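Chemist: First the structure, which I've put down as C-alpha cells, then a few questions once you've had a look.
The values are calculated or read from the model by the stated rules, or taken from the named source; none is laboratory data. This structure is a prediction, so every number in the text was calculated from the model and none was measured. So basically every Cβ, Gly included, is an ideal-geometry build from the backbone, and we count neighbours across all protein chains shown. The accessibility values were calculated without ligands, DNA or RNA, using every heavy atom of the protein model including side chains. Shrake-Rupley method; radii C 1.70, N 1.55, O 1.52, S 1.80 Å.
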Amino acid sequence: MRHLIIGNGPTGLVAAETLRRLQPQADIVLIGDEAEPPYSRMAIPYFLQGGIGVDGTYLRKSPDHYAKRRIQLLQARVSWVDPVKKVIELADGKRERYDKLLIATGSHPVRPDVPGMDLPNVHTCWTLDDARAIAAKAKPGARVLQLGAGFIGCIIMEALAARGAKLTIVEMGDRMVPRMMTEKAGGMIKHWVERKGVSVHVNEAITAIEQQGDALVAKVSRGGTPIVADLVICAAGVRPNIGFLAGSGIEIGRGIRVDNHMQTSVADVYAAGDVVEAIGFHSGQPELNAIQPNAVDQARVAAHNMAGEATVSQGSLAINVLDTLGLISSSFGQWWGAKKEEGGTGVELVDEGNFRYLSLQFQDDVLIGATSLGWTEHVGVLRGLIQTRTRLGAWKDRLLADPTGFMAAYLGSAQKAA
Amino acid sequence: MQKSLHIDASKCTGCLQCEMACSYENYGVFNLAKSRIKVFNFEHEGRKVPYTCTQCAEAWCMNACPVDAIAINAATGAKVVNEAVCVGCKVCTIACPFGTVNYVADTGKVQKCDLCDGHPACAEACPTAAITFVDSDWTGLDKMRAWAGKTDTAARASA
Amino acid sequence: MAWTRKILRVDLSKGTCKAEPLNMEWAQLYLGQRGLATKYFVSEVDPKVDPLSPANKLIMTTGPLTGTPASTGGRYSVVTKGALTGAIACSNSGGYFGAELKFAGWDMIIFEGKSPKPVYLWIENDKAELRDAAHLWGKTTWQTEETIKKAHQDPQIRISSIGRAGENGVLYACVVNDLHRAAGRSGVGTVMGSKNLKAVAVRGTLGVGNLKDPKAFMAAAAAGKKVLAGNAVTGQGLPTYGTQVLMNVINEMGALPTRNHRDVQFEDARKISAEAMREKRPTDGKTHLVANSACFGCTIACGRISKIDETHFSVVNKPEYWGANGGLEYEAAWALGAANGVGDLEALQYANLICNEDGFDPISFGATVGAAMELFELGIIKKEQIGMDAPFGSAKALCELARMTAVGEGFGKELGMGSARLCAKYGKPELSMSVKGQEFPAYDSRGIQGMGLTYATSNRGACHLRSYTVASEVLGIPVKTDPLVTEGKADLVKAFQDATAVFDSAGICIFTSFAWSLADVQPQLDAACEGNWTMEKLGEVGERIWNMERQFNLAAGFTAKDDDLPPRLKTEPAKTGPAKGLVNGIDKMRPEYYKTRGWDAQGVPSKETLKRLGL
Ligand SMILES: Cc1cc2nc3c(=O)[nH]c(=O)nc-3n(C[C@H](O)[C@H](O)[C@H](O)COP(=O)(O)OP(=O)(O)OC[C@H]3O[C@@H](n4cnc5c(N)ncnc54)[C@H](O)[C@@H]3O)c2cc1C
Ligand code: SF4
C-alpha cells in the first residue's frame, strides 16, 4: 500500500501520522513544495513577534520524527494528478505512483485586483518566507498599512504591533473580523484596538498603491485621505490551492468537493484541510473553512478512510479564537444564529466599558453558535455543546436569562452532573 | 495499570482545597484562577462538582496544537503542556470540548491538568475523598468518555 | 508574608478609592482581621459617634490565614460601631468572599463617609471603583449577586451585599455573602445601608503567595487538618449533623431557651433538630437536608443546604423558593423555633431563607418575635397592631412577620428595631432577652452558667461567639466543667475570650476550636506570618484585643451596669430539667471576672493592665 500526500502542512502531517498508526507496513510519502520541514502557519505570528525562532514553527520538533515513523518527506511541487493511472506528476516531470492519494495543499492568500499590489514593499503574510521578509522591514516605528481585518489579518496585526509598528488597517466590511464576529463584538474589537493606538478604517477599500520615494501611498475609496506607509500587508482572504487539478476530473467548486468521508468525486483520492469545501456541520452544504482545528480533524477522518476504516466526519465547524492586542475573543459554529421560523433564539450580553461580550445562539434547545469577548475560561465547552448537539432542556431558558452560566449548563446537561 | 482521577461529586463540600493545592503545586501560590481543577457550584441543587481534564483518548488539545506543545507523558498517560514550546495561540482552548484547557494571561501560555507526574495534589488535598487517584478501570469515566466519542468528528467507525 | 500589606480606603462621600500600606507594626500587635481592623477603627473613629451617621466607618477585613489552605482559612469580618448595640461590632463570615478579597491583593477595606446615592464597590485585583447601584437598590442579596455577576459576565465574582433589610434600617441587618453566609450580628448591614453602600463585588486572580515558610506552613496546615478530622465534633458531629447536632443535647440539659426564655426546654425540640432534618418528610418523601457544604478551605463542612417542602404553606406557589438554600444552623433554628415555640421545621427554613435573602440576623429577629409574642400574649400588643394573631407557636405569624420585617411593612418596622427598643416602647424593657441591646443566642444561662458571664461581658452585646464556654461546660473541650455552677467560670470565660480573639484575628473559623487549641493554630500562624509568633505572644494579642474593644465601649458610654443579664434570668428559676430551680449567678461571677481581667470594680481596665498590654 502506497499513500501519497500532497501538502505537508498540518493536514498532510496529521494524516501521515494517523496512517502510520493504522498501517505499520504502508509506504507513506509526504510531499511539500516549501523549503522547510513541515511547519505551522499558525506559528508565524509568534515567529514575527520574535517569541520563537524558525524551529519553533515546526510542526514536529525532533529531527528524526519522520525517519522514526518511516514517513518519507519529498520536497517537490506537484503539477498534475492522473486519477486514472493513479499517478501524480512533479514539476520536474518525475512521476509517483499511489494507491491512495490525499490532497492537502492548503490555500494561498489573494491579492485584490488593485494597481500597485505587486510593488516590492507590498506583502502577503502566509509563509515563513513572507514572514522573514516582513520581519526585515517592519522595524519599530515603521508605518504599516494592512489591508483586511479578517481573522488572519487580526492575528498578524497583533504581531506587527508587538514589533512596534505604527498600524493602519483598512477593512471593506463594516467591522473587524466580519466573518467571525457579530456586529457588536466586531465593533468592540475595533474600539479596543483603536484605544491601543491602531488606526482602523472600516467600510473602506484601497483603490491603488503608488511608490513615492521610499514610501508607499495608498488611495482610499470614496476620496478618503491617502494613507502613507513604509510597508503594506495584504490579508484580504485566501483561496484553495487547486490550480494543478485542472483536467484531473476531480470535482471542484470553490475548493475540492468532498463527501463526509473526505473522499473526492474520484475513487482513492481524498482531500482535507484548507483546500476542501467540506460539508458544513450545520448547513449540510459545501463550505470553505480555512482553520487549523478543522484541518486536522479532517486529516484524521481522511486517513482512517484511506486505511480502509470507514469513518465519517460530522461536518466542518468553524471555531476561532483570536487575541487582538490582549482582547481575547472566540467564535463558534453558526454564531449568527438561526431564523426564528426555524426555531432560532439567542441572547447577547454586552459590557462595552469592560470589553466583555457573550452571545449564544440556539435552535430549539440546542446550541448552534456562540461569540465571546474577554472570556478565557472553559470556552471549549461551547464547541462541545454545539458539536454533540446536546439537548439543553430546561438549561436553555436559564441560559437565555443568563448566558454566563454556560459552563454550569454544560455540566448539567452534557455531563448530567446536576 | 495507568491511574486516573476519579471524581465523586456527591462527596464534594466545595471547600476548594483541591484548587489551592493545584495552584500551589504548579505555581507556588494559592490562587484559584490558576487551578486546573475547578469546583462548580449548582446553587439550586445544592451540589458541588469538581471538574478537570480526563486525559481523554481523543486528545483534542494535542491534535489541534500547531507547534506540538502538548505531549503524552508515557508514565501517566497525561497530556502535558510544554510551556517552553507553547506559543499561546489558544487554539487548544477552543478545540477541547470539555473546556479543560484554559489560557493564563499572566504566563501567556495555556494550562491543563497534568496529573502532577502521577501524584495529583488535588486528590491528596481533598478532605472527603471526593477526588481520588485510582486504577483507570475504576474511574467510571466511561460516561464522559462516551460523550467525548460523540464529540469526535474523526476516528469513529461509521459501521 | 501572609498579609498583602495593602489597605483599600474608600471615601464614599467623595467617591474615591485609595490604596495605602498596611501598618505592619500594628499587624505584629493585633495580628489581622478582628484585632487589626478594630485597631484601625478605634484609632480613627470617635467612640461617641452615631452608628448610622457618616462619621461612623465600616471595615471589611481578612486575616493572615484567609486565602490559604489552613483549614477554614476563608474568613472575613465586618468591623464597625454596631447599629443595634452602639458597641464595637465585629461580625465574622465564611463563604468565599474573604479569600477572594485577599486574592485581589487586599487585607482590608475601610469605608468612610456616606455616598450621596446607592453605589457598589467593584474590585478587580488592584483596580477598585465605585459604581452606580440605583438598579440594585430594592433588590434582595440573591438578586444583587445574580445581577452583578451577569452584568460583569463573570460567574466567579464573589459578592457581599445588603438586602432590603439593610436598606430599610432594620437594626440587626447583616451583610450577606455567597448567598447563604453572613456577617450576621449587631447590625453591621444597617451601617452599610446607612452609607448607601449596596454591595462589594470582588474578583481576585493574584492569589496568596510568599508565606514566611511555605513548606513549614503546608506541614502545619496538614497537621491541623488531621486533628480536625480525628475529632469527634469536627470530624463527625458537625459534618454529619451540622451545628444543629446541639438541638437535642441542649434541650436535654434544660438550657434551650423557649418562648422568650419563659421555659428552658422545648417540647418540640426534636421536630426542629438535626435528626429531623435528615428524616424523610411524609408529604413528599424527601429529606429536608440536601447536602452539607463547606466554606472556603474548610475541612469540617458544618454548613447545611436544604430544600423546603414545596407543599408547605410558606412557599406554595412560590417556585423561586423551591431550590436548595442555606440552613438550618442551630442558632437560627433555635431563634426562629424554640424562642417562639414554633416547632415547624419548614416554617423555620422559610423564615431563615428570608433572613438570608434580605439580609437580617435570624437570632435577633427570632428573639424579637419571641418578645413580641410574649407582649401579644400579655395583651400589651393587640392583634390589630400586628395585623394578625401572634401567639407563641404560630408558624404562620413567624413567616409573615419575617416578610414584613424584610420590607419594612406595618408591624415589621417595629420588629426591625430589635427586642430592646420594642419592649421599651411598650413599657416592658425587662422582657427583652438581650445584653447591650443585642439578643441572646441559643443557650439558657440558667442551665449553662458560664454563658451568662459570656453574654454579660461580651464586647458586642449578647453573643455566644465571644467565649463559647458551651465547649467546656457541655462538650468537655478542652476540659469538662460543671454547667450548673459559677465557680471557675470567670477564668474560663477570660481564657475563651482571649483565645477566641486570636482565632477571629487569624482568618479562621471559631468552630475549629472544638478540636484546636491555640497550640494547633500557633504553628500555622508562625509558618505563615513574618515575626515570631509564640504562644505567649498570641495569648497577649488576644488579651490586648479584648481590652482594646472594652476601652472603646467604655468611651462610648457603656458601664458596668451594662454587663448584666435581664431580670428574668436572675429571678425566674428554670422550671424543668437538670437546672430546675436555678437562676444565673451573674452577680457572683462578674466581680470575679473583673478581677481576673485586671479591671477595677467598675469594669475599667487598670493602668497596670493597660500598660502590660501596651495599650
Ligand atoms: C499567519 C497565519 C495565522 C493563522 N492563525 C490561525 C489560527 O490562529 N487559527 C486557525 O485555526 N488557523 C490559523 N491559520 C490558518 C491555518 O494555518 C490553516 O488553516 C492551516 O495551515 C491549514 O493547514 P493545511 O495543511 O490544510 O494547509 P497549509 O498549512 O497551507 O499546508 C499546505 C502545504 O501544501 C503545500 N502545497 C500547496 N500546493 C502544493 C503543490 N502543488 N505541491 C506541493 N506542495 C504544495 C503548501 O506549500 C503548504 O506547505 C493561520 C494562517 C496564517 C497564515
Ligand atoms: S496555546 Fe499552546 S498548547 Fe495550546 S494549541 Fe497553542 S501552542 Fe499549543
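Chemist: Among all the aspartates and glutamates, which ones have a C-alpha under 13 Å from residue C:611's C-alpha, if same-chain residues fewer than 8 places away are not counted?
Modeler: Qualifying aspartates and glutamates at Cα under 13 Å: C:540, C:543.
Chemist: How much accessible area is lost when chains C and A come together, counting both sides, with a 1.4 Å probe, in Å² rounded to the nearest 100?
Modeler: Chains C and A together bury approximately 900 Å².
Chemist: For a quick check: with amide H placed at 1.01 Å from N, whose amide H comes under 5 Å from residue A:234's, ignoring anything fewer than 5 positions away on the same chain?
Modeler: A:123, A:124, A:125, A:147
Chemist: Just want the answer: with Cβ charges of +1 for Lys and Arg and -1 for Asp and Glu, which residue in C:296, C:554, A:369 is farthest toward the dipole's positive end in the protein assembly as shown?
Modeler: Result: C:554, furthest along the dipole toward the positive end.
Chemist: Continuing with this model, one more query. List every residue whose amide H lies under 5 Å from the amide H of residue C:438, counting only residues 5 or more places away in sequence or on a different chain, with H placed 1.01 Å from N in the peptide plane.
Modeler: The answer is C:462.
Chemist: Here's a follow-up. Give the shape of the range A:125-236 as rounded, prolate or oblate, defined through the alpha-carbon gyration tensor: a ≥ b ≥ c are the square roots of its eigenvalues, a/c under 1.5 means rounded, and otherwise the shape is prolate if a/b is larger than b/c and oblate if not.
Modeler: Working: a/c = 1.68, a/b = 1.22, b/c = 1.38.
Because a/c hits 1.5 or more and a/b fails to exceed b/c, the range A:125-236 counts as oblate.
Chemist: Right, next: What are the ³J(HN,Hα) couplings of the range A:172-179, residue after residue, when phi is run through the Karplus curve with 6.51, -1.76, 1.60 and θ = phi - 60°? Round to Hz, x for glycine and proline.
Modeler: 6, x, 8, 7, 7, 5, x, 8
Chemist: Moving on to the next point. Counting heavy atoms of the protein chains only and a 1.4 Å probe, report the per residue accessible area for the protein assembly as shown as a whole number of Å².
Modeler: Ligands and nucleic acids excluded, the figure is 34 Å² per residue.
Chemist: Among A:32-40, A:325-333, how do they line up from the highest to the lowest mean number of other beta-carbon atoms within 10 Å?
Modeler: A:325-333, A:32-40
Chemist: Provide the per-residue ³J(HN,Hα) series for the range C:601-611, in order, calculated from phi with Karplus coefficients 6.51, -1.76, 1.60 and θ = phi - 60°, each as a whole number of Hz, with x at glycine and proline positions.
Modeler: Those phi angles translate into 5, 8, x, 9, x, 6, 4, 4, 4, 4, 5 Hz.
Chemist: In addition: Please report, largest first and rounded to whole Å, the three semi-axes of the ellipsoid equivalent to the range A:370-418, where each semi-axis is the square root of five times an eigenvalue of the C-alpha gyration tensor.
Modeler: Details: eigenvalues 52, 32, 20 Å².
Listed largest to smallest, the semi-axes of the range A:370-418 are 16, 13, 10 Å.
Chemist: Trypsin sites (Lys or Arg not before Pro), restricted to the range C:395-491: which are DSSP loop and have at most 12 other Cβ atoms within 10 Å? List each step's numbers first, then the result.
Modeler: Details: sites: C:396, C:403, C:413, C:421, C:425, C:436, C:446, C:460, C:466, C:480, C:489; in loops: C:436, C:446, C:460, C:466, C:480.
For trypsin sites (Lys or Arg not before Pro) across the range C:395-491 that sit outside H, G, I, E and B with at most 12 neighbouring Cβ atoms in 10 Å, the list reads C:480.
Chemist: Right, another one. Grab the eigenvalues of the alpha-carbon gyration tensor for the protein assembly as shown, scale each by 5, take roots, and send me the semi-axes largest first in whole angstrom.
Modeler: 66, 30, 27
Chemist: Could you work out the relative contact order of chain C? I mean the mean sequence separation of Cα pairs under 8 Å and 6+ apart, divided by the number of residues, in percent. Kindly include the intermediate steps, with their values, before the conclusion.
Modeler: On the way: 1532 pairs, mean separation 98.6, N = 615.
Relative contact order, chain C: 16 percent.
Chemist: Quick one: 3J(HN,Hα) in Hz for the range A:327-344, Karplus 6.51/-1.76/1.60 with θ = phi - 60°, rounded, Gly and Pro as x.
Modeler: 8, 9, 10, 8, 8, 9, x, 8, 5, 7, x, 10, 5, 4, 4, 9, x, x
Chemist: Follow-up. Would you work out if chain C is rounded, prolate or oblate? Take a ≥ b ≥ c from the square roots of the eigenvalues of the alpha-carbon gyration tensor; rounded if a/c is under 1.5, else prolate when a/b is larger than b/c, oblate otherwise.
Modeler: Note, shape of chain C comes out rounded.
Chemist: Where Rh denotes the Kirkwood radius from the mean inverse Cα pair distance, what is Rg over Rh for the range C:259-439?
Modeler: A ratio of 0.97.
Chemist: Quick check: from the Cα gyration tensor, does the range A:145-189 come out rounded (a/c under 1.5), prolate or oblate?
Modeler: prolate
Chemist: With +1 assigned to the C-beta of every Lys and Arg and -1 to the C-beta of every Asp and Glu, and no other charges, what is the dipole magnitude of chain C about the Cα centre in debye, to the nearest 20? Write out the running numbers ahead of the final one.
Modeler: Details: 71 positive and 67 negative charges, 132 e Å.
So the magnitude is around 640 debye.
Chemist: Nearest 5 is fine: what % of DSSP beta bridges in the protein assembly as shown come out antiparallel, could you say? Walk me through the numbers on the way to the answer.
Modeler: Details: 119 of 165 bridges.
Restricted to the protein assembly as shown, the bridges split so that about 70 percent are antiparallel.
Chemist: May I ask which residue of C:155, C:21, C:221 lies farthest towards the positive end of the charge dipole of chain C, with charges of +1 (Lys, Arg) and -1 (Asp, Glu) on Cβ and the Cα centre as origin?
Modeler: Value computed over the given set: C:21.
Chemist: Now, a different point. Counting Lys and Arg as +1 and Asp and Glu as -1, each charge on the Cβ, what is the dipole of the range B:56-112 about the Cα centre in debye, to the nearest 20?
Modeler: Details: 4 positive and 4 negative charges, 12 e Å.
Here the size comes out at about 60 debye.
Chemist: Measuring from centroid to centroid over Cα atoms, what is the spacing of the range B:14-31 and the range C:411-477 in Å?
Modeler: The range B:14-31 and the range C:411-477 have Cα centres spaced 40 Å from each other.
Chemist: Of C:521, A:224, A:387, which is farthest along the charge dipole of the protein assembly as shown in the positive direction, counting Lys and Arg as +1 and Asp and Glu as -1 at C-beta?
Modeler: Projecting each Cα onto the dipole axis, the largest value belongs to C:521.
Chemist: Any idea of the total accessible area buried by the A-B contact, 1.4 Å probe, rounded to 100 Å²?
Modeler: 4000 Å²
Chemist: Considering the convex hull of the alpha carbon atoms of the range B:1-119, report its projected area averaged over all viewing directions, in nm², one decimal.
Modeler: One quarter of the hull surface, i.e. the mean projection, equals 7.9 nm².
Chemist: With N residues in the range C:6-203, what two-decimal value do you get for its Cα radius of gyration over 2.2 N^0.38 Å? Before the final figure, lay out the partial values.
Modeler: Numbers: Rg = 14.9 Å, N = 198, 2.2 N^0.38 = 16.4 Å.
It is 0.91.
Chemist: Can you give the log10 of the normalised intensity I(q)/I(0) at q = 0.09, 0.18, 0.20 Å⁻¹, computed with Debye over equal Cα scatterers of the range C:449-613?
Modeler: Computed log10 I(q)/I(0) values: -0.31, -1.16, -1.35.
Chemist: Averaging over every viewing direction, what projected area does the convex hull of the Cα atoms of the range B:56-112 cover, in nm²?
Modeler: 3.6 nm²
Chemist: Run down the lysines and flag those whose C-alpha is under 16 Å from the C-alpha of residue B:109, throwing out any fewer than 8 positions away in its chain.
Modeler: Correct list for residue B:109: B:34, B:79, B:90.
Chemist: Let me ask something additional. Long-range amide H contacts for residue B:104: which residues qualify at under 5 Å (H placed 1.01 Å from N, peptide plane, sequence gap of 5 or more or a different chain)?
Modeler: B:109, B:110, B:111
Chemist: Just report the Cα centroid separation between the range A:123-199 and the range A:1-75, whole Å.
Modeler: Using only Cα atoms, the two centres lie 28 Å from each other.
Chemist: What is the mean number of Cβ atoms from other protein chains located within 10 Å of the Cβ atom of each residue in peptide C:287-299, rounded to a whole number? Present the calculation step by step, with values, prior to reporting the outcome.
Modeler: Working: counts 0, 0, 1, 3, 9, 4, 8, 9, 4, 7, 7, 6, 7.
Mean partner shielding for this stretch: 5.
Chemist: Quick one: of the DSSP bridges fully inside chain A, what percent are antiparallel, nearest 5?
Modeler: The antiparallel proportion sits near 60 percent.
Chemist: Let me ask something additional. Calculate the dipole size of the protein assembly as shown relative to its Cα centre from +1 charges on Lys and Arg beta carbons and -1 charges on Asp and Glu beta carbons; express the result in debye to the nearest 20. Mind dumping the intermediate values first?
Modeler: Working: 130 positive and 127 negative charges, 142 e Å.
Value, rounded to 20: 680 debye.
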